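The values are calculated or read from the model by the stated rules, or taken from the named source; none is laboratory data. No experiment lies behind these values; they were computed from the predicted model shown. We place every Cβ from the backbone using ideal geometry, glycine too, and count neighbours over all the protein chains shown. Side chains included, ligands, DNA and RNA excluded: accessible areas come from the protein's heavy atoms. Shrake-Rupley method; radii C 1.70, N 1.55, O 1.52, S 1.80 Å.
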Amino acid sequence: MLDLDNDGRLSLEEFRCAWLYWLKQVLSPVKALIIVDVQNDFITGSLALKNCSAGQDGAGVIPVINSLLEQDLFDLVIYTYDWHPENHISFIETVDSRKIHPTSKVPVLRSAAKVQEKLTFDIDGIPREQILWPKHCVQGSFGAQLADTLKVVPNAFHVYKGASPDVDSYSAFWDNSKLSKTNLASILSEKNVTDVYVCGLAYDVCVGFTAMDSLEHGFRTICIEDACRGVTLDGISRMRRELQKKGVYMTMSAEVPNLT
Ligand code: VGL
Ligand code: ZN
């Protein structure tokens with residue numbers, strides 16, 4: 001990858017790239033764990049993963065994550081929250097109150113819209129695609145709280161996403177239309193993080209998109225697979241393949257202590 005000049009010397013620019021992309025990671029890794037959306041609604045509430053087609057129990061991630069936290073393997077821990085207002089664009093219950101864009105495959109009867117159906121809404125004249133979900137993680141509700149058996153470490157950061165009514169946010173870095181950023185990237189760069197470990201709910205939605213954006217921000221990104229649960233089996237395997245293709249490392253929690 002290094003392109004040495006004719007004398008075999010490394011230019012400053014090449015060194016800068018080498019430092020940024022791998023030397024820093026190897027010589028002084030700073031590890032962050034991002035615990036994505038381990039909230040009641042994905043475990044026992046309106047979007048309980050065990051009722052979704054993969055039939056996975058969201059609560060299964062809790063002992064795995066708690067054990068990772070007890071081993072004190074990370075320099076920084078971040079808890080993310082899906083954090084929606086009452087009239088959020090993703091809620092199937094409020095479809096009727098929204099304007100559909102002409103390019104949308106509008107269901108004949110809007111009230112017959114289905115969960116996980118993709119509609120195109122009209123947001124100030126601009127089409128915006130959105131997958132519908134049952135109302136979940138409403139700001140301040142019980143469903144939006146972290147599962148109470150999840151260990152919360154002191155000095156952790158708490159990042160909230162999806163708070164704007166008209167745009168969803170699967171990634172904890174950006175909303176789905178990249179209109180605005182959360183404070184996650186600045187937390188990670190302020191703390192000089194090099195390695196981002198991701199886990200939580202749901203593998204094929206918020207964990208996956210957070211991992212992709214982590215990679216895009218230049219962090220070495222590692223997905224702890226046994227600390228994730230997903231919505232659909234097909235979605236999980238597609239997300240897994242996509243993440244691996246892009247360069248996200250896949251690991252299991254037992255291996256994490258052996259990684260740099
Ligand atoms: C999520 C569906 C809708 C998630 C959030 O956290 O994975 N999934 N909103
Ligand atoms: Zn959501």
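Among the conditions (1) in contact (Cβ under 8 Å) with a residue 40 or more places away in the chain; (2) open to solvent by 10 Å² or more (accessible area, probe 1.4 Å); (3) closer than 16 Å to ASP37 by Cα; (4) within 16 Å of ligand 2 (Cβ to nearest atom), VAL205 misses just one, which is (1). Looking at the range 78-85, is at least one residue polar (S, T, N, Q), within 30 Å of LEU259 (Cα to Cα) and either modelled with pLDDT of 95 or more or crowded, with 21+ Cβ neighbours inside 10 Å (or both)? Yes. One residue stands out among those in the range 129-162 that are open to solvent by less than 60 Å² (accessible area, probe 1.4 Å) and small (Gly, Ala, Ser): the one that is farthest from ALA112 (Cα to Cα), which is ALA156. Taking ASP148, is it at pLDDT 95 or above and within 14 Å of ligand 1 (Cβ to nearest atom)? Taking the combined requirement at face value, the residue does not satisfy it. Would you check if there is a residue in the range 72-80 being in contact with a helix residue (DSSP H, G or I) (Cβ under 9 Å, 6 or more places away or on another chain), within 16 Å of ligand 2 (Cβ to nearest atom) and more than 22 Å from TYR203 (Cβ to Cβ)? No, because not a single residue in the range 72-80 is in contact with a helix residue (DSSP H, G or I) (Cβ under 9 Å, 6 or more places away or on another chain), within 16 Å of ligand 2 (Cβ to nearest atom) and more than 22 Å from TYR203 (Cβ to Cβ). Just one of (1) at pLDDT below 95; (2) open to solvent by 40 Å² or more (accessible area, probe 1.4 Å) fails for THR194. It is (2).
Mind listing whichever residues of the range 220-246 are touching a residue at least 60 places away in the same chain (Cβ under 8 Å) and more than 16 Å from ligand 2 (Cβ to nearest atom)? Correct list: ARG220, ILE224, ASP226, ALA227, CYS228, LEU233, ILE236. Selection of the range 150-183 for residues being within 24 Å of PRO29 (Cβ to Cβ), within 16 Å of ligand 2 (Cβ to nearest atom) and either not in a loop (DSSP other than H, G, I, E, B) or not β-branched (Val, Ile, Thr) (or both) yields VAL159, SER171, ALA172, PHE173.
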